[in-house]
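Data first, discussion second: the structure below is written as structure tokens.
All of the numbers you see were taken from the coordinates with simple rules; none came from a lab. The structure displayed is predicted, hence computed values, not measured ones. We place every Cβ from the backbone using ideal geometry, glycine too, and count neighbours over all the protein chains shown.
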Amino acid sequence: PQRKRHFVMNVHTRWSEAAKDKCCIGWARDLFNCTAQHAAGSVYVNFMPSDDDGRMSEAYGSNIDKLRRIKAKYDPSNLFRLNHNIDVSEGVRLTS
């Protein structure tokens, strides 16, 4: 649903030495935090790190409830769960 902005920014870093983890992760988070004031307050699901499932509502905006209903109907066993999973555990009512 995020189609109104003219720019997208993805803070994506790589390094080869585990000893640099703290420094490199800190640098990326600092950059993200410094630029956050210019952000729309949403997130692009394909840019989310694998441990950031808590922002699914921000990624899908007003479409999240519809997507939860579709997921509950067509994937009740949660087969498609290896991506950023749409959580249907909270109050999804299936209606035709």
Return the sequence-ordered ³J(HN,Hα) values of region 29-36 in whole Hz as given by the Karplus equation 6.51 cos²θ - 1.76 cosθ + 1.60 applied to θ = phi - 60°, using x for Gly and Pro.
5, 4, 4, 4, 5, 5, 9, 4
Tilt, helix 64-74 to longest principal axis of the chain (alpha-carbon atoms), in degrees rounded to tens, equals 60
For n ≥ 4 DSSP H runs only, could you compute -39500 (n - 2.57) per run for the chain, divide by its residues and tell me the 222 nm figure to the nearest 500?
-9500 deg cm²/dmol
Length-normalised contact order of the chain in % [C-alpha pairs under 8 Å, at least 6 apart]:
27
Quick calc, the chain, dipole around Cα centre from Cβ unit charges on Lys, Arg (+) and Asp, Glu (-), nearest 20 debye, gives 420
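Sort Met9, Met48 so that the residue with the fewest other Cβ atoms within 10 Å of its own Cβ comes first and the one with the most comes last.
Values: Met9 13, Met48 18.
Neighbour counts put them in this order, fewest first: Met9, Met48.
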